[in-house]
Amino acid sequence: MKRTLSLLALAMFAASAAGAQAHAYVGVKGCTMCHKTDKQGSQLSIWEKSKHAGAYTTLTTAKANEIAKSKGITTPAAEAKQCLECHAIAGDAKAEAKDGVQCESCHGAGADYKAMGVMKVKADAVSKGMVAFADKAAIEAMCKKCHNEKSPTAKPFAFEERWAKIAHKKPAA
């Protein structure tokens, strides 16, 4: 299967004025070692139960291929750049497409910020590529990069309702 870097990932890691280099992905396994505990808000469990975890799998269905074909896409949906840009991170061996919309889809490639010492200081993590959201409006804007009328199966996007299903904030200490 041809793998391409998603447009969402490209936008998230666009170079700053001087041109910073893109960060490398670690994949779900690189995040979950720390984000599965109650202390971290059981973030892995929340993701595993979400539709995001199965986003790529939906592209492997006959229905997805029919939708792709109706939009003029000549490759299977699971290989089509237009589909993968919202259903998976593709183009990096560590970020497996089968993991669908995973941690790094929204928070950025984690190789440079995954170390516990870096993650303990949010500003350090952000300086090393972690995408942090200032407020719900910023989260909603990220979501709407995929949940919009461009999607061939678009439905009205009720952010508050959807966010309630996937919110994964770390509990206060």
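So the values come out like this:
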item	result
Cleavage-rule hits (trypsin sites (Lys or Arg not before Pro)) in region 124-173: DSSP loop, at most 13 neighbouring Cβ within 10 angstrom	K144, K150, K169
Isolated Cys residues of the chain, judged by Cβ distance under 4.7 Å to other cysteines	C34, C83, C106, C143
Over 23 Å (Cα to Cα) - which of K29/K128; K98/K136; K94/K155 fall in this group	K98/K136; K94/K155
Relative contact order [Cα under 8 Å, 6+ residues apart], the chain, whole percent	29 percent
All-pairs Cα distance distribution in region 86-173, expressed in whole percent, bin size 5 Å	3, 12, 18, 23, 21, 14, 6, 2, 0
For q = 0.24 Å⁻¹, Debye-computed log10 I/I(0) when each Cα of region 85-137 counts as one equal scatterer	-0.92
Cα-based reach from K63 at 16 Å (exclusive), listing aspartates and glutamates while leaving out same-chain residues under 8 positions away	E79
For region 29-36, 3J(HN,Hα) per residue [Karplus equation, 6.51 cos²θ - 1.76 cosθ + 1.60, θ = phi - 60°, Hz, x = Gly/Pro]	4, x, 9, 6, 4, 9, 9, 10
Helix-only CD estimate at 222 nm, as mean residue ellipticity for the chain, using -39500 (n - 2.57) per DSSP H run (n ≥ 4)	-9500 deg cm²/dmol
Which label in (i) -0.39; (ii) -0.48; (iii) -0.43 gives the computed log10 I(q)/I(0) by the Debye sum over Cα atoms at q = 0.10 Å⁻¹	(i)
Contour minus Cα-Cα distance for M33 and T75 (0.36 nm per residue)	11.6 nm
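Just so you know, all these numbers are worked out from the coordinates, no wet-lab data involved. All values reported here derive from a predicted model rather than from experimental measurement. Because the Cβ atoms are built from the backbone with ideal geometry, glycine has one as well, and the counts that use them run over all protein chains shown.
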